[in-house]
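Taking it in order: structure first as structure tokens, then the write-up.
The values are calculated or read from the model by the stated rules, or taken from the named source; none is laboratory data. As the structure is a prediction and not an experimental result, all values here were calculated from the model. Note that each Cβ is placed from the backbone with ideal geometry, even for glycine, and that neighbours are counted across all protein chains shown. Keep in mind that these areas ignore ligands, DNA and RNA; they rest on the heavy atoms of the full protein, side chains included. Shrake-Rupley method; radii C 1.70, N 1.55, O 1.52, S 1.80 Å.
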Amino acid sequence: MQKFKIIARETLKAESQAVKEQIKHLDSNFDKAVSLMKNCKGHVVVMGLGKSGLIGRKISATMSSVGIPSMFLHPAEGLHGDLGMLIKDDVIIMLSYSGETEEIKKVLPVLSKMKIKVIVMTGKTKAQVWQNSEAIINCSIEKEACPYNLAPTSSTTAMLAMGDALALTVSHLKGFKKEHLAILHPLGAIGKKLTMQVNDLMRKGRQNPVVKQTATVGSALLVMTGTRVGATSVVDARGKIIGFFTDGDLRRHLQRDEKILKKKITNVMTKNPMVITPEMMAVEAAEILKKYKIDNIPVVGKNKKPLGILDQGDLLAEGIL
């Protein structure tokens, strides 16, 4: 088993080194590519075959996610009619480590006739096939992670990383913000983290445990048990929150006082507790729970009256915590 771990470790070391090597390739060609993509009035169309094609699909998807209209076009399909989806305002990113792929050699002259600008990502920057390209980004590596230095491993990892570098650089220059990301990712974990508020998750109404300041610990415990939250807000005669009591508090006090259930809740509650508002982003509330190592927190309105309670379990269920 140890031998397999050695292989895995060497693979990761080789691929991480390949990514680090790309830093020195951030030259004037990278700058040209960024400028072309930033000023593109159409789509940034990514093309590639084989492993490069698979990497190209991911790069295109990343660009679309960060505000750069993009699509993937297979060169072979393009040569059989799909080039018709291109317009002169598009910019092509061509991925080929060797530049020797036959379909790419055939499609490049056609793109030139269509007057579509081409950015190349390759490990062979001097290849004759790239002569009419506007920018040639060097993605070369010293060695593949493959023990025979043949299978595309480190090279595809490096190309993917360079694609991310391009996408995020252009996205930043185009002024892409977190708010835009929320629009493009309405569902899934990203969408939830960017759009979900405490109000969407908090337990309210009968599921929001609240007791009056005159309550005993025993009666508060019944409320807590009934809502299955393990905590309760404590309010004054005007309904404003003055305290918070949890099952953790109960356990700690039971160790010192067996008659605690008959005591008034105001004698054992946490006074002036930490609270959050319903408008707060759920992800921000999750950070508060993690920072202070608490399981739940009361949610109050501007009048300091408890509107609900946010429980750690609800954040976990939504994948926010």
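Once the dipole of the range 1-108 is set up with Lys and Arg at +1 and Asp and Glu at -1 on Cβ about the Cα centre, which of 4, 67, 14 lies farthest towards its positive end?
Highest projection toward the positive end goes to 4.
Given charges of +1 on the Cβ of Lys and Arg and -1 on the Cβ of Asp and Glu, with all other atoms neutral, how large is the dipole of the range 166-291 about its Cα centre, in debye to the nearest 20?
Details: 22 positive and 10 negative charges, 60 e Å.
That gives the range 166-291 a dipole magnitude of about 280 debye.
Students often get this wrong, so check it: of 41/106; 177/290; 24/126; 212/240, which have C-alpha atoms separated by over 19 Å? Let's see the in-between values first.
Numbers: 41/106 25 Å; 177/290 26 Å; 24/126 17 Å; 212/240 10 Å.
As for pairs spanning more than 19 Å Cα to Cα, those are 41/106; 177/290.
Can you list the lysines whose alpha carbon sits under 20 Å from that of residue 178, skipping same-chain ones fewer than 8 residues off?
Output for residue 178: 38, 192, 193.
Roll a 1.4 Å probe over the protein chains and send me the accessible area per residue for the range 131-251 in Å².
Per-residue accessible area for the range 131-251 comes out at 53 Å².
Of 109, 85, 35, which is farthest towards the positive pole of the range 1-140's charge dipole, taken about the Cα centre with +1 and -1 on the beta-carbons of Lys, Arg and Asp, Glu respectively?
With unit charges placed on the Cβ atoms, the residue in question is 35.
If the label point is 7 Å along Cα→Cβ of residue 312, which residues in the range 260-304 have backbone nitrogen under 13 Å from it?
286-297
Apply the Debye scattering formula to the chain, with a single equal point scatterer on each alpha-carbon and no solvent, then give log10 I(q)/I(0) at q = 0.09, 0.10, 0.15 Å⁻¹.
Calculated log10 I(q)/I(0) at the listed q: -0.66, -0.72, -1.07.
Compare 136, 7 by solvent-accessible area with a 1.4 Å probe and give them largest first, with all protein chains kept in place.
7, 136
Quick one: work out the % antiparallel among DSSP beta bridges in the chain, nearest 5. Before the final figure, lay out the partial values.
Working: 15 of 36 bridges.
Around 40 percent of the beta bridges assigned by DSSP in the chain are antiparallel ones.
Within the P(r) computed for the range 1-116, what percentage of the Cα pairs occupies the region above 18 Å? Walk me through the intermediate numbers first.
Values: 4014 of 6670 pairs.
The proportion of pairs with Cα distances above 18 Å equals 60 percent.
On the Cα set of the range 106-176, report Rg and Dmax in Å, please.
For the range 106-176, the Cα-based Rg and Dmax read 14.7, 44 Å.
Kindly point out which whole DSSP H helices in the chain project their C-alpha atoms 24 angstrom or further along the helix axis while averaging a Kyte-Doolittle hydropathy of 1.6 or above.
The answer is none, since no helix passes both cut-offs.
Go through 66, 283 and list them by solvent-accessible area, largest first, probe radius 1.4 Å.
On the way: 66 20, 283 45 Å².
Descending order: 283, 66.
For labels at residue 303 and residue 24 in the simple 7 Å Cα→Cβ model, what's the distance in nm?
6.9 nm
Does the range 237-289 classify as rounded, prolate or oblate by the C-alpha gyration tensor (a ≥ b ≥ c root eigenvalues; a/c under 1.5 gives rounded; else a/b over b/c gives prolate, otherwise oblate)?
oblate
Near the amide H of residue 93, under 5 Å away, which other amide H atoms are found, from residues 5 or more places off or on another chain, if H is placed in the peptide plane?
Placed amide hydrogens put 45, 46, 47, 119 under 5 Å from residue 93.
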